[in-house]
Each structure stands twice: as structure tokens, then as C-alpha cells.
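Worksheet: one structure, shown below.
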Amino acid sequence: MRHTLSVTVENEPGVLSRVSGLFSGRGFNIESLNVGPTLDPGVSVMTITTEGDEQIIEQIVKQLRKLITVIKVVDLTELKSVLREMVLLKINANDTNRAEILRIVDIFRCKVVDVSIDELTIEAAGNYDKISALLGLLTRFGIKEIARSGLVALKRSVQA
Amino acid sequence: MELTGAQILLECLKREGVEVIFGFPGGAVIDIYNELPNTGLKHILVRHEQGAIHAADGFARASGKVGCCLVTSGPGATNTVTGIATAYMDSIPVVILTGQVPTPLIGNDAFQEVDIVGITRPCTKHNYLVKDVAQLAHVIRQAFYLARSGRPGPVLVDLPKDVMQQKTKFIWPEDVKMRSYNPNYKPHAGQIKKVAQLIRDAERPLIYAGGGVITSKAHEALTWLAKNLHIPVTATLMGLGCFPGSDKLWLGMLGMHGTYAANMAINNADLVLAIGARFDDRVTGKVSTFAPKATLVHIDIDPTSIQKNVSVHVPLVADCRLALEALQEELTPSLIEYDFEGGHMPWVTKVGIWAKEHPLSYQPSETTIKPQSVVEKLHELTRGEAVICTEVGQHQMWAAQFYRFNEPNCFLSSGGLGTMGYGFPAAIGAQFARPDKLVIDIAGDGSIQMNIQELATSVCNNLGVKIVILNNGYLGMVRQWQELFYNKNYCSTCMDAQPDFVKLAEAYGATGFRITEPADLERVLRQALDTPGTVIVDVRVEREENVYPMVPAGASLTDMLLV
């Protein structure tokens, strides 16, 4: 099962390498990883999505907590949370299919951020399922390039 | 008053209680060495940096304190990596100080530059690169705190040359507070009650103790528990000495080369108390058949150890000593209500029968010296009171099996990493920690050659370390596997060409003995142990003797090959 972990870390050199080294050294898989600053300049938050059975996820969480520079680890999968990823897509678009692509862009509430004679660049944001569905629909037009931010996530205010 | 980085570093080491530093100088650490004579700190010059880290490790294991070593940048630092990984696998508190090129040169492929913080990230508990002299005292304080607290381990501090030269006001940080590091020592009261009840209800309980018992000084509480509740005890290689080897409840080591009794007991117990152990593959054999009838209780300070290899029923994250003392308190009133001795009698008897059926044994010989008999004789001559270090291989297993350890911190061996060349430098470290004790390195002829250069260190410090080489002219453990599992294809395990160890000892200024006849064993061993200073005893043993019992890798513990 896919799990999304929110990992609060000390913002210091080498911390990303400690986290990624832990995953590679112990044979855990990173599906996506996003790092960003917080309002406290001394602290960063990593959002990591990974896959594994309960025992593996438990090990990943414990091993992360064991790292000296990790302050807090929350498995957001166990909580109600908001998960979002941003994707930039460059798609083949000519006069015959441009309208169809724009219709999909509209349905998925994406934005066109760049356009040329034979390409469209689209900005999309959403949870894992939405991005998967969008990619599923656009593949047939030919996706020339893709850049994904990795998931970012926050726990919902009301958990009940 | 302002001090240089080098002065601050050494002042911090003194305040942390460092007694001896094992080290080797080089360009990047000359500033530190320049200040060293003014500090009163004892520095032991080794002959290879691997010797320094193993000696610091041996000092830590024998004393229970933090070991310390100091080496230069680049090759000095990389030479310590095997020793750091050794200490990491066995949870030994060591602080490694490495020199580094000046900060403006870092990343430029400068002379003797290496990213040692990057290299050692996966084999240290934590590591630091100090870029600002103002942070130095804090970092050193944290390094020692991390090394000795929680689950101990090696901590490396990388010290650029210019930081050692810069000056700042020295402020000793009285407290160490780290928001991201708070090891849990106290056992959960509810879990203690649960474990106590399991112990009261058990008919066939067994203690499986590991190195954590020794690290946390839990041996007294463990001995109380075992003796008063009549619970048999087995231990891992790392746990040897946590319970008296002379006691009738002692089953010997378990696992791949464990005793028949210990492995049968694990297989039949209805309650296994795993204390400060981590279910290593050399201990469990095939995991799915490990302790199949037992409720598993796992006491360990490191949450990652729990549920890692084996799924346990009752986890208890705590310091082993505090947990066992809490159990002692909880169970003391039960001594009146419950008849533990009577209740466990059938089980203790059964275990005793297994021990009698297949005790540790070997075929004695009048013509060749059996390696096991050398260890037995050493035990006899030292009354079991020596500090025993080992290298890695057959001799290590024979030492573990036949030297019945009665005290903790007296068996120093690379358990997790299995580092050949560990024992002799560790013995040097141990001798500094315990000048009162006889320190013996039981070695193989292969392993001893991996750090033989430390003879110079031992001799020039007038250390009385005794090296007893069980010399079979083979890399014996690999040869044993080749014999049993690889059709006797003894590829690259025969060590025909070897130095004359007696002459080698003499060349270094030590004393050498050779024993080739069983009849001479006791007399010459006694003479060697009575000889002051560093001694090598080259004992020519039966060449193709095997270590038994043996559980083949990946087999169940009950699938033992016996003598």
C-alpha cells in the first residue's frame, strides 16, 4: 500500500542525503520526495511517498525517527489529510486535436501556461488519483515532457 | 580568554572524561597534535588508523566508557571506516575525530581530501562537519552525548584545519539539549505488568540475552531474575558474560554455533524473553521456525530493532537495566505466592538433559593439539578471569564456546560486522581500560596478520597483551564451509606461506613461543602467560578441525550438525 509520510527535519546540510541514504541502504523505495522550507528557517518538511506492507512502513517510520536530524515523522495515510501534487506537461497539439485537449484541461481545472504552433504546456494540480486520470486521458496525444513536484500534504484540521 | 579550535577541542575532551586517545597524526591534524602535550591527555600512537579505531572500541567495550580516536584527513579517515562500521554494528560508543582540509578547499579535490562525513553516514550513529569554531564545543558535547546515550554508537566529527587554528571565546555548554533526539529509557508500566504476568504463567520460559544487557549494565538484574525465577539463560555472542558461565541455568550461546541445549530450548520454550538482542540471522537461523511455540517478549532501547526481523508479541522499548529492575520489583512479591522452582522444574530438567546429551565437545587427541583444548586450558590457567579478545573465524567461535565467561565486558569480539583484525588492537585498547587484567587475544593465523603492525604499539607501551594464535594454516571458517557445502574446493583458504610468528614477535621486541605437541600445551601456555610484556604464542593445532554444533545458513535451529 502507498503511504505518504510528512517528515519534519532540521534544515542543515546533508539532511536530504541522510534520508535518501536510509531508503537506498535499507532497500526501501521512494516513489516521490518533496522538500521545502517552513516558516521556521531552521526546519524543513519533507513529504515522502513510499510503498510497502505494514511491517516495512513501520520500519521506515522508525528508522526515520532514529535519524538524529529528524524531528518528527507523521504517516498521513493513517490520518485525514489533504494531498496535492503539481505537474507540468508538454503535449503535442495541432489544429485537429487542440480543442479536445483544451476540453480536458477545462474539465480537470488545469491551466495552459505556454502555447506554440504544435505544443501546449499545461499546469495541473491535484491528488494522486486526479493526476493519474489526467495523464491517462492525455497520453494518446503524446506527452513530450513531464515535470512533477511530488506530493505535498497536510493533515486536515478536523480528524473526526 | 580566546582559545584556538585545537585548544577548545582538547579542553572539551578532558571535560568529557577522555583518558586516552588512540591516534595517528597527519597534515590536517598537526594543530591538534601541537597542543596535545600541554593537556595531560594520554595519546597512544598506533601504526595504522584501523588500529586506532579498534583500540578505541576495545577501550569502550572493556571500560563501559566512550572510546576516542584521532586521525588525519583523507586516507587517515578512510582507514577508520571498517572500525567505525564494526563499532556501529555492535553499538559501541566511540568518538572519531578526523582532520579535514581547510574549509576554503573543501570540495576542490584538495590533497588528502575525502568526504568522510558522506562516506560514514550509513555506519555512524551521527556525524558532523564543523565549519564554525563557535560551534565546536557544542558539537563535541553532542558527539559524546550521542555516542553514550540511548543505543550507543560511533559518532564522527570532521575538523577542518583552519577551524582548528581559528580563535574564539571558549564556553563549555553545561547542558546538551536536542529537540530531535530523546531516547526512551523508562519502561512502560503496563507492559511491565503484562510481561510479569507472562512470566508467572509460563511453564517453559527462556531468557535470550544480547549485547544490550552488557551495554546497559543489566547483568545483575538479569541474574536475579534468572536465579530467583529459575529461568534458563542463553545469550548471543555479544551477550556472553551477562550471566555466569558456571551457573547450572546457563545453556551457552545460541544460534549458528550455539549449543544443542540452547537451540533446543529456543525451539521448545513457551516464553522467550529477548533482552537487548536483535534477532540477527546468525542467531535465528530460518526466521519462520524460530521459537515456534513461544510468546516472544522483546526488550530493547532501539524501537527499530523491534519487529524488524521477527514479529514479537510483547514489545517493550526501554533501557534493559531499568526494564529488568522494574520486572524484579514487580515479581518480588510473587516469589512468595508462586513456586517458580517447582513450576519450572520439569523444564529446567529437560534443558539439563539436552545439555548432557550433546554438550560442547571434541575428539581429544594425543598427537595433535585440538584448538578447543587450548581455549579450555586458557580458561583453566586464568581461572576464567581474563579479558578475552578475538579476531573472526573458527577461533572466535571456539573462544565463545569454551571460555566460560562469568563477567560482563570481558569478551571483546566483532559480532555484527565480523571484522578480521579486530582483536589485537581491541586488546591494546582493553589493556588501557583494565591495566589490572590479563588481556588475551585469541587469534587465527589469518586474522592476526590483518593488524599485526600493532605489535609495535603494544611493545612500545609495555603492554602485557598475550596473543594466542590457533594456527591451522587455513582461513579455517571459510575452509569449513568449503568442506561442508562446496565439495572441499579449498580455493584461496590455504595459508601455507606464513611468517615465523616467533621470529616476528622477536623482531618487534616481543616474546614468542611455539607449541606443537599436546604434552607441551599447559607448560608453555603457563610460561607465556607468566612472561611480562607482549607475547605471541603460536599454537600449531589440528588443521582441519571444525566448529560444531553448526546450523547451516538459512536452516532451522534444530537442524544442527553435531560433532
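Within the range B:81-129, the residues that satisfy the criterion of being assigned to a loop (DSSP other than H, G, I, E, B), within 13 Å of another protein chain (Cβ to nearest Cβ) and crowded, with 23+ Cβ neighbours inside 10 Å are B:S91, B:T124, B:K125.
Scanning the range B:161-184 for residues that are over 30 Å from the mean Cα position of the chain (by Cα) and within 14 Å of chain A (Cβ to nearest Cβ) returns a single hit, B:R179. Here the helices (runs of 4 or more DSSP H) wholly within the range B:451-563 that include at least 2 residues being under 28 Å from B:A261 (Cα atoms) and modelled with pLDDT of 95 or more are B:476-485.
If you go through the range B:289-307, how many residues are outside any strand (DSSP E or B) and either farther than 15 Å from B:N268 by Cα or within 14 Å of chain A (Cβ to nearest Cβ) (or both)?
Taking the range B:289-307 and keeping what is outside any strand (DSSP E or B), we get B:289-294, B:301-307.
If we keep only those that are either farther than 15 Å from B:N268 by Cα or within 14 Å of chain A (Cβ to nearest Cβ) (or both) as well, we get B:301-307.
So the answer is 7.
On the basis of being in contact (Cβ under 8 Å) with a residue 40 or more places away in the chain and more than 21 Å from B:F22 (Cα to Cα), does B:T98 make the cut? Against the criterion (in contact (Cβ under 8 Å) with a residue 40 or more places away in the chain and more than 21 Å from B:F22 (Cα to Cα)), B:T98 does not qualify. B:S311 meets each of the listed conditions (1) buried (at least 18 other Cβ atoms within 10 Å of the Cβ); (2) in contact with a strand residue (DSSP E or B) (Cβ under 9 Å, 6 or more places away or on another chain); (3) in a loop (DSSP other than H, G, I, E, B) apart from (1). For the range A:21-35, the set of residues classified as surrounded by 12 or more Cβ atoms within 10 Å (Cβ to Cβ) and more than 10 Å from chain B (Cβ to nearest Cβ) consists of A:F23, A:F28, A:N29, A:I30, A:E31, A:S32, A:L33, A:N34, A:V35, listed by residue number. When the residues of the range B:337-381 are filtered to those that are of a type in the set (S, T, N, Q) and in a helix (DSSP H, G or I), which remaining residue is surrounded by the fewest Cβ atoms within 10 Å (Cβ to Cβ)? Once the filter is applied, the top-ranked residue is B:T349. With respect to B:V392, is the statement that it is of a type in the set (V, I, T), closer than 30 Å to B:I301 by Cβ and outside the structural domain of B:T516 (by TED's automatic domain parsing) true? No. For the range B:1-30, a tally of residues being in contact with a Ser or Thr (Cβ under 8 Å, 6 or more places away or on another chain) and under 18 Å from B:P75 (Cα atoms) returns 6.
Could you look through the range A:59-107, keep only residues that are of a type in the set (D, E, K, R) and under 30 Å from B:S305 (Cα atoms), and pick out the one that is farthest from the other protein chains (Cβ to nearest Cβ)? If you could, list the steps in order and put the result at the bottom.
Keep residues of the range A:59-107 that are of a type in the set (D, E, K, R), which gives A:62, A:65-66, A:72, A:75, A:78, A:80, A:84-85, A:90, A:95, A:98, A:100, A:103, A:106.
Cutting the leftovers down to under 30 Å from B:S305 (Cα atoms) gives us A:62, A:65-66, A:72, A:75, A:78, A:80.
On the way: A:K62: 4, A:R65: 7, A:K66: 5, A:K72: 8, A:D75: 14, A:E78: 17, A:K80: 26 Å.
Filtering the range A:59-107 for residues that are of a type in the set (D, E, K, R) and under 30 Å from B:S305 (Cα atoms), the one farthest from the other protein chains (Cβ to nearest Cβ) comes out as A:K80.
Among the numbered conditions (1) outside the structural domain of A:G14 (by TED's automatic domain parsing); (2) part of a strand (DSSP E or B), the only one that A:G150 does not meet is (2).
Tell me, which helices (runs of 4 or more DSSP H) wholly within the range B:200-280 include 3 or more residues that are farther than 27 Å from B:S414 by Cβ? Break it down stepwise before answering.
Values: elements: B:211-215, B:219-229, B:260-268.
The qualifying helices (runs of 4 or more DSSP H) are B:219-229, B:260-268.
Please verify whether the range B:185-192 includes one or more residues that are more than 14 Å from chain A (Cβ to nearest Cβ), more than 26 Å from B:S63 (Cα to Cα), free of Cβ contacts under 8 Å to residues at least 60 places away in the same chain and not hydrophobic (A, V, I, L, M, F, W, C). The answer is yes; a qualifying residue exists. Only one entry in B:I30, B:I53, B:I21 is closer than 29 Å to B:I301 by Cα, of a type outside the set (D, E) and outside any strand (DSSP E or B), namely B:I53.
Residues that are over 21 Å from B:G239 (Cα atoms), outside the structural domain of B:M253 (by TED's automatic domain parsing) and of a type in the set (D, E, K, R) do occur in the range B:429-443.
The values are calculated or read from the model by the stated rules, or taken from the named source; none is laboratory data. These figures come from a predicted structure and were not determined experimentally. All Cβ positions, glycine included, derive from the backbone under ideal geometry; neighbour counts span all protein chains shown.
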